[in-house]
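**Q** Starting off with a structure, shown below.
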Amino acid sequence: MQERATTLRYLWRELTGYRGVVELKSSQARASYDADSDGNAAPHTDAISAKSLMHLLRDFSSASYRIENISQEPPFRRYTREQLLATKWPQRVGLDIYATAVK
């Protein structure tokens, strides 16, 4: 899970006009999003919001995204992952953004 302070700083920067990524610096944060089969963190991982992603893809002729996945973090701890995946929450607050862009 990304550190709370990093998330809040990124949110504030986005609300004040920043469009871009935030680098996940700690190996623990990177591993929570991207790890190999032995559990080793990816050497580099960035996080981005859907708003910033679409800004970065603005020069493409078309671009779209969908948000998926969810974990049992507050306030969802009392539900199983399977229960959460069957709701609309992953599409609203999901962990992964899948994008398609055409030049």
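**Q** Could you give every pair whose Cβ atoms fall below 6 Å, whose first residue belongs to region 64-77 and is in contact (Cβ under 8 Å) with a residue 24 or more places away in the chain, and whose second residue is of a type in the set (Val, Ile, Thr), counting only separations of at least 6 or pairs across chains?
**A** Ser64/Thr100; Tyr65/Ile97; Ile67/Ile97
**Q** Pairs under 8 Å by beta carbon, first residue within 22 Å of Glu68 (Cβ to Cβ) and in contact (Cβ under 8 Å) with a residue 24 or more places away in the chain in region 38-51, partner of a type outside the set (Gly, Ala, Ser) and part of a loop (DSSP other than H, G, I, E, B), six or more apart or different chains?
**A** Close Cβ pairs (under 8 Å, with a partner that is of a type outside the set (Gly, Ala, Ser) and part of a loop (DSSP other than H, G, I, E, B)) amount to Asp46/Leu24; Ala47/Gln2; Ala47/Leu24; Lys51/Arg19.
**Q** Same structure again: In this structure, does Arg66 turn out to be basic (Lys, Arg) and surrounded by 11 or more Cβ atoms within 10 Å (Cβ to Cβ)?
**A** Values: basic (Lys, Arg): yes; surrounded by 11 or more Cβ atoms within 10 Å (Cβ to Cβ): yes.
Yes; evaluated as a whole, the condition is true for this residue.
**Q** Another question about this same structure. Being closer than 19 Å to Asp34 by Cβ, out of contact with any Phe, Trp or Tyr (no Cβ under 8 Å at 6 or more places or on another chain) and not hydroxyl-bearing (Ser, Thr, Tyr) is the filter; apply it to region 69-90 and report the residue that is surrounded by the most Cβ atoms within 10 Å (Cβ to Cβ).
**A** Pro90
**Q** Let me ask something else about it. Counting only residues that are in contact with a strand residue (DSSP E or B) (Cβ under 7 Å, 6 or more places away or on another chain), of a type outside the set (Asp, Glu) and within 24 Å of Glu3 (Cβ to Cβ), give me the helices (runs of 4 or more DSSP H) lying completely in region 15-103 with at least 1 of them.
**A** Working: elements: 27-33, 50-56, 81-85, 89-93.
In region 15-103, 27-33, 50-56, 89-93 are the helices (runs of 4 or more DSSP H) which contain 1 or more residues that are in contact with a strand residue (DSSP E or B) (Cβ under 7 Å, 6 or more places away or on another chain), of a type outside the set (Asp, Glu) and within 24 Å of Glu3 (Cβ to Cβ).
**Q** Starting from region 91-103, keep only residues that are surrounded by fewer than 11 Cβ atoms within 10 Å (Cβ to Cβ), then list their pairs with residues that are part of a strand (DSSP E or B) whose Cβ atoms are within a distance under 6 Å, requiring at least 6 positions of separation or different chains.
**A** Here the result reads Val102/Ser62, each pair linking region 91-103 to a residue that is part of a strand (DSSP E or B).
**Q** Quick check on Phe60: is it over 23 Å from Glu23 (Cα atoms), in contact with a helix residue (DSSP H, G or I) (Cβ under 8 Å, 6 or more places away or on another chain) and in contact (Cβ under 8 Å) with a residue 12 or more places away in the chain?
**A** Details: over 23 Å from Glu23 (Cα atoms): yes; in contact with a helix residue (DSSP H, G or I) (Cβ under 8 Å, 6 or more places away or on another chain): no; in contact (Cβ under 8 Å) with a residue 12 or more places away in the chain: yes.
Taking the combined requirement at face value, the residue does not satisfy it.
We did not get these values from a lab; they are worked out from the coordinates using the rules stated. Keep in mind that this is a model prediction, so the values were computed, not measured. Every residue, glycine as well, gets a Cβ built from its backbone with ideal geometry; the counts of neighbours run over all protein chains shown.
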